[in-house]
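Here is the structure we will look at, set down as structure tokens.
The values are calculated or read from the model by the stated rules, or taken from the named source; none is laboratory data. What you see is a predicted model; the values in this text were computed from it and never measured. Here Cβ is always computed from backbone atoms with ideal geometry, including for glycine, and neighbour counts include all displayed protein chains. Just so you know, the surface numbers come from the protein's heavy atoms only, side chains and all, with ligands and any DNA or RNA stripped out. Shrake-Rupley method; radii C 1.70, N 1.55, O 1.52, S 1.80 Å.
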Amino acid sequence: MAPAPPLPSPVDGILRPLTEADVPAVLHLNATHVELLSPLDEERLQRLVAWSERADVITADEQVAGFVLTFGPGSDYDSENYRWFAQRYGTGFLYLDRIVVDDRFRRRGLASHVYELVEARAAGAGRLALEVNVDPPNEPSLAFHRARGFVEVGTLGPQGHQVALMVKELDRG
């Protein structure tokens with residue numbers, strides 16, 4: 001896997017580039033939360049990493065505590081959600097595809113720290129884009145994103161698997 005560019009981090013060591021050794025942990029985390037994500041096998045993960053702007057693991061206590069995948073404009077990523085944002089925002093967005101934090105590491109502020117880092121990277125593009133399940137609803141995620149300043153700009157998907165498309169406008173500083 002290609003090395004990722006360095007991150008300016010207020011929390012040393014929270015993110016590091018995903019490596020081959022991390023693949024089993026990432027696949028396990030995705031499978032544990034597949035109802036909120038989409039299925040993922042090793043081949044698909046390799047493709048996602050190749051298309052991604054960054055593919056990182058979240059670390060805590062010297063363990064893989066989660067992972068995060070982001071995609072920049074111009075990616076070949078085949079996600080309908082990603083393409084919706086690409087059609088509307090051109091090069092003016094960074095797409096956060098998935099973030100998972102292992103249940104053992106929840107309520108430590110890891111997700112908030114990761115979002116700070118990802119939002120800092122997205123600031124140059126002007127916005128961070130993502131989707132959250134609304135049918136069935138993922139109320140904790142919706143509340144988290146609304147509290148961080150994300151607003152719904154559209155919906156996609158059939159009944160029973162509908163998502164809210166959300167963006168957070170960022171100061172390009």
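Things worth noting here:
- Rounded percent of accessible protein surface that carbon and sulfur make up, the chain, 1.4 Å probe: 51 percent
- Computing Rg and the Kirkwood Rh from the Cα coordinates of the stretch 12-96 gives a ratio, Rg/Rh, of 0.98.
- Gaussian network model of the chain, Cα within-10 Å springs - most flexible of Glu152, Glu131, Glu80: Glu80
- Relative frequency of Cα-Cα separations exceeding 19 Å in the chain, percent: 55 percent
- Exposed-site-free run, longest, the chain (rule: trypsin sites (Lys or Arg not before Pro); DSSP loop; at most 13 other C-beta within 10 Å): 1-105
- Probe 1.4 Å, accessible area per residue of the chain, Å²: 50 Å²
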